[in-house]
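Written out below as structure tokens is the structure these notes cover.
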Amino acid sequence: LGGTSLKKRLLYLAVLALCVLALFYTFLRPSYDGTPLNAVREKTGRIVLVPLDGRPPCRQLVLDTADVAGTEIAALPYEMQDYYTMPGQTKEAQKWLRENLAQSDAAVISIDQLLYGGLLAAREADKSPDEIEAFIAYLRELHAAHPTVPIYAFSILPRMIPPASIDDYYDNKYLLAYSRLADRYALCGAPEDAAKMQELEEKISPASLAQYLALFEQNEHLSRALIELVKEGTLERLLIGQDDGEKYSIPNIEKRHLQACLIEEQIPKEKAAIVHGADELALTLLAAISVAKNGHRPQIFLDWNDESTPDEILPFMAISLRETAREKIAVFGGECTASAASADFVLFISAGSEENLSSRRKSVERIERYLASDTPVALVDLSRHFAAEETLLPLLIGRGAPVEGLRSYAGWNTASNSIGTALSQAAIFTAAREKAATREEVLALHAANLKLLNNRFLEDYFYLKDVITLVNTNLKKNGTKNVYDLDLEHDYLAATTMLRKAIDDRLQTFKSTKACRRPFRVHLPGGESAELAVYDLQADMSFPWPRTFEIYLETTPFTAVQ
């Protein structure tokens, strides 16, 4: 009898649960009106891409943004690229580029991938002068064989942090101090700095110091050779990026040498420039190509979360946020406007910290006013401490702001990464919108942009400000010692399971919010308009490398036209 009674109670509970679900889906679950949008951008033109490395920011992000641009991208096959600490197959990659250039309208190439096999391999810089000269000859031959295909190249300066092969704790510590002193002494010439450098030289292993200094010497030789290729016309354009900078460091010395070289050789800024950043440079060049093809110089209004923000220098940066933004805008020929009314879009840069938390609500209200007046907003949502409570997105979601109406969103890694990403997406969208002549083209453009926008919401905020800490903490509780080197048979599977469950939980909540589902206005040709609304959102995700630092994530927004 007891068993029968228990079964009846379980049956009643099951029926009750089904009734609650039916009630939710019938009356309480947010609904949408309109026609589902199933639009795909038609692609014209073809660009061949050699990414900096295989991480999603360097490869997949460019491919997704190319969908917004309406450009076909032929990317270097995965099997030829690097995989974490394993360098890419440089000879095969060079051969592949030679074979694919003829069928392309332009090439965007990473010098570090083609020469060293990726960014991590480039940080060891183990190429001889003869090997570098042979590579420069290869680029000349490439251009000679396909003189009508412009080659857009980017190369990365060695960062301040010593390469992984210098693994002695004290050598690393003293080299960092030496690097800061060397730059400050080069600028100021203080005798006390010279004395401290001498003391450090006596503490650092001679082999480690020689290897460290050789990185910059070799890279400067390579960079000067690349600048010569720009001067002679082999390269259409060159960006030299500074990765993970500081106010004082030896990379700054090399940067000044190269800046002087560009001036001496009278190389225009639109042909070669030294910029800050690394991972986003292929995307930046894609934006430059798209904007130039359109013939419209993007007009951008800069807005900030706080009056002190423009002068802030965030971690891993050598310059202020204002300098970074203007530098990125200049790369694709954009111009800063005096008002939002005269701009194609507003670049709103928020750098949250404990000191300006009180400004968050005013910033959110200002963004809401922009969106309500149909002023496009590219939101850069930074945090000095990489903390969710210092960002704007959770407040926007909480207030039910139409976040799907943002032109772009970014808040990952360094300030240069995020500003470059948000700017590039917004500039590419603006260029594509200028050419969209039909209702179908405009709606397809927004559909492609929504996918990219939601990718960034889920990765830059939900993962990097929240889920990554949960995954790392649980891995360490389970005995994982290093989340930057996961065991592929055990830790990796556990991490992936936690990742998918945690993101899915947050996704289920986010896609039911008013902020996600709230319609936003789209202006159509002929003075007409429509409203778009995201009524469902799905996502696929995994770890591309055996570490938790970044994820592969692709969303699928389901959109209705109202």
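The values are calculated or read from the model by the stated rules, or taken from the named source; none is laboratory data. Owing to the predicted nature of the structure, the values given are computational and were not obtained by experimental measurement. Every residue, glycine among them, receives a Cβ derived from its backbone with ideal geometry; neighbour counts consider all protein chains shown. Ligands, DNA and RNA are stripped out before the accessible areas are found, and what is left, the full protein with its side chains, is counted by its heavy atoms. Shrake-Rupley method; radii C 1.70, N 1.55, O 1.52, S 1.80 Å.
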From largest accessible area down, sort ASP105, ASP82, ASP67; use a 1.4 Å probe on the protein chains.
ASP105, ASP67, ASP82
Output the 0 to 90 degree angle, nearest 10, between the alpha-carbon long axis of helix 468-477 and the longest principal axis computed from the alpha carbons of the chain.
80 degrees
If a/c stays under 1.5 just call it rounded; otherwise compare a/b with b/c (prolate if a/b is bigger, oblate if not). Do that for the chain, with a ≥ b ≥ c from the square roots of the Cα gyration tensor eigenvalues.
prolate
Straight-line reach from LYS293: which aspartates and glutamates have Cα under 18 Å away, leaving out those fewer than 8 places along the same chain?
GLU42, ASP67, GLU72, ASP105, GLU236, GLU270, GLU335, ASP344, GLU434, GLU441
How large a share of the accessible area of the range 374-484, in percent, is made up of carbon and sulfur atoms when the probe is 1.4 Å and the other protein chains stay in place?
48 percent
With all protein chains present and a 1.4 Å probe, the order of GLU217, GLU254, GLU141, GLU265 from largest accessible area down is GLU217, GLU141, GLU265, GLU254
Rank these residues by their accessible area, most exposed first, probe 1.4 Å: THR284, THR337.
THR337, THR284
Taking the Cα centre of each part, how many Å lie between the range 527-562 and the range 444-502?
15 Å
Between the range 293-352 and the range 120-167, what is the C-alpha centre distance in whole Å?
30 Å
Of LYS362/LYS465; LYS465/LYS501; LYS328/LYS465, those spanning more than 19 Å from alpha-carbon to alpha-carbon
LYS362/LYS465; LYS328/LYS465
As a check on your grasp of the helix formula, calculate [θ] at 222 nm for the chain: sum -39500 (n - 2.57) over DSSP H runs of n ≥ 4, divide by the residue count, round to the nearest 500.
-15000 deg cm²/dmol
Extension length gain for TYR83 and GLU354 (0.36 nm per residue less Cα distance), in nm, is 93.8 nm
Which value, in Å² and to the nearest 10, is the accessible area of HIS143 when all protein chains are kept and the probe is 1.4 Å?
50 Å²
How much FRET efficiency would the formula 1/(1 + (r/R0)^6) give for GLU489 and ALA134, where r is the Cβ-Cβ distance and R0 is 45 Å, rounded to 0.05?
0.65
Decide, for the range 223-318, between rounded, prolate and oblate: order the square roots of the alpha carbon gyration tensor eigenvalues as a ≥ b ≥ c, take rounded if a/c falls under 1.5, and otherwise choose prolate if a/b is larger than b/c, else oblate.
oblate
Taking Cα atoms only, helix 250-264 is inclined relative to the longest principal axis of the chain by an angle, in degrees rounded to 10, of 70 degrees
Using only Cα atoms, tell me the angle between helix 2-23 and the longest principal axis of the chain; keep it within 0 to 90° and round to the nearest 10.
70 degrees
The simple spin-label model distance between ASN38 and THR509, using points 7 Å out along Cα→Cβ, in nm, is 3.4 nm
